[in-house]
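Below is one structure, written out as structure tokens, with a few remarks after it.
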Amino acid sequence: MQDTFIQAYPKLLHTEVAVAGLWLAHGDEPLLHQWLIDALRPHWRAQNYAIKRVELVSVKSWQEVLSELSSLSLFDDASALIVTGNHKPDKAVIVELERFAQEAQTEANGHSLLWLTSKQDRRAQSSKWFTPFTQYGHVIDCNLYDERQRQQLLQIQAQQFGLKLSQEAWQLLMSHTEHHIISAYQTLWRLSYLFAPELAANNKSLAANSNGQGNDGSTTKTTSTNVALDISDLQAALVSDAQFSVFDLSEAMLAGNSAQVAKIIFQLQATDEPTTLVLWAISKDMRQIMALMDGQDPQTLGIWRSKQGLYQQACRRQSKAQTLQWPALIYRCDQAIKGIVRQPAWELLLQAALELAGQRLFPIK
């Protein structure tokens, strides 16, 4: 049986699952692998599985896997084996895995094997080693193919944290974290401590207690009314210790307020705001303006209705010739932040911010 992660994950969270047999999770998102383990762990605990790990350092490591699957414990009903690594099983091991999977289906063998591996293409999925997992086990595609899936998965995590974000708040979160799923998840975790501290503390306690296993071995689930967050809540939570934030910088740049832009940049520098975050804010607005000047619709670009007037105002200050030089300036800022060029990063960031505000200091090289 084959499923995508987004299809399999909610089922593992909310329904009882027969975990015996073969499981294969392939993908290049390590966080999804960990979430899968966290979702299966309560089921393993509830069914009295001993959880073990084996790393495949070579093809021979599969012999250790087979040895664990055939072993018996005096204290546990069965073993749940988490296997990591990309070494494929040879023919002899494939035969043993197929026999193990068939026995698990007939309940002659209660062990569980979860193999976490990198993304497998169509050619790999047609190989003989893949067949026992598709024919007798569970294959979970731990890859995200579009932003809709990414947000859908993060919404599930937000619900686990007791949070419910508005659509505009989701847009801000994804933009702020540059569509990076780990950063977005960490931000949701921090938000849960700000807006749903009781549930966050409870989740932390459950995680420490065998990831949600109750004293009787059953799976413990938390229920709570989700806290609704809008864009103002999220923006306030994302503001750093600085007097100004990058969102204030964006407002000043789009409004063409050069004096305020310089004031904010100097304040952000003085409070050690990450230069990468400042560059993100500048480059995001530059890309939006270039797209608008190319005739794209602001709503399609995800520009909030309340800010469309500011973006249109910024477009009227610029010429096509000026905006064509912006990618080179953004690239030079990135080089300065990484130490590739000797010019101070904050100096270039100020130049870029003022350029967007309509105040050109120097010709762009």
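Need one number for the range 2-141: average projected area of the convex hull over its C-alpha atoms, nm². Provide the component values of the computation, followed by the final result.
Working: hull surface 31.1 nm².
Taking a quarter of the hull surface, the average projection is 7.8 nm².
Skipping prolines and chain starts, which residues have an amide H placed within reach, meaning under 5 Å, of the one on Val139, given they are 5 or more residues away or on another chain?
Here the answer is Gln2, Asp3, Leu24, since their amide H atoms fall under 5 Å of that of Val139.
If each residue's Cβ is checked for other Cβ atoms within 10 Å, how do Phe100, Phe266, Phe130, Phe244 rank with the fewest at the top?
Values: Phe100 24, Phe266 13, Phe130 17, Phe244 20.
Fewest to most other Cβ atoms nearby, the residues stand as Phe266, Phe130, Phe244, Phe100.
Quick one: net charge around Ile140, please, counting Lys, Arg +1 and Asp, Glu -1 for every other residue with C-beta under 13 Å from its C-beta. Show your work: numbers first, answer last.
Working: positive: Lys11, Lys119; negative: Asp3, Glu29, Asp141.
Surrounding charge for Ile140 is -1.
Residue by residue through the range 145-162, what is 3J(HN,Hα) from phi via Karplus (6.51 cos²θ - 1.76 cosθ + 1.60, θ = phi - 60°)? Round to whole Hz and write x for glycine and proline.
For the range 145-162, the Karplus-derived couplings read 9, 7, 5, 4, 5, 4, 5, 4, 5, 5, 5, 4, 5, 4, 5, 4, 7, x Hz, x marking Gly and Pro.
Which far-off residues, 5 or more places away or on another chain, put their amide H under 5 Å from the one on Val83, with H placed in the peptide plane?
Amide H to amide H, under 5 Å and 5 or more residues apart or across chains, Val83 pairs with Val54, Leu114, Trp115, Leu116.
Any idea what the relative contact order of the range 2-141 is, in percent, if you count C-alpha pairs under 8 Å spaced at least 6 apart? Don't jump to the answer; show the numbers that get you there.
Numbers: 217 pairs, mean separation 56.8, N = 140.
Over the range 2-141, the number comes to 41 percent.
Thinking of the range 246-357 as a set of Cα atoms, what percent of all their pairs are more than 18 Å apart?
The proportion of pairs with Cα distances above 18 Å equals 47 percent.
Using Cβ counts within 10 Å as a stand-in for footprinting exposure, how do Tyr49, Tyr136 rank, fewest first? Please list the in-between numbers first.
On the way: Tyr49 23, Tyr136 19.
Ranked by crowding around the Cβ, least crowded first: Tyr136, Tyr49.
Could you tell me, in Å, what Rg and Dmax come out for the Cα atoms of the chain?
In Å, with Rg to one decimal and Dmax whole: 25.8, 77.
Which whole-number percent gives the relative contact order of the chain, counting Cα pairs below 8 Å spaced six or more residues apart?
Details: 478 pairs, mean separation 59.0, N = 365.
Rounded, it is 16 percent for the chain.
Amide H neighbours of Lys164 under 5 Å, counting only residues 5+ apart in sequence or on other chains, H built in-plane at 1.01 Å?
The list, which skips near neighbours in sequence, is Val227, Ala228, Leu229.
Hey, got a sec? Which GluC sites (Glu not before Pro) in the range 76-151 land in a DSSP loop and have at most 11 other Cβ atoms within 10 Å? Mind dumping the intermediate values first?
Values: sites: Glu96, Glu98, Glu103, Glu107, Glu147; in loops: Glu107.
Of the GluC sites (Glu not before Pro), the ones in loops of the range 76-151 whose Cβ has at most 11 other Cβ atoms within 10 Å are Glu107.
With the dipole of the chain worked out from charges on the C-beta (+1 for Lys and Arg, -1 for Asp and Glu) around the Cα centre, which of Ile181, Leu301, Pro89 lies farthest toward the positive end?
Farthest towards the positive pole: Leu301.
Laboratory data are not the source of any read-out in this text; all were calculated from the coordinates shown. Since this is a predicted model, take the numbers as computed values, not measurements. Please note: Cβ atoms are built from the backbone with ideal geometry, for glycine as well, and neighbour counts cover all protein chains shown.
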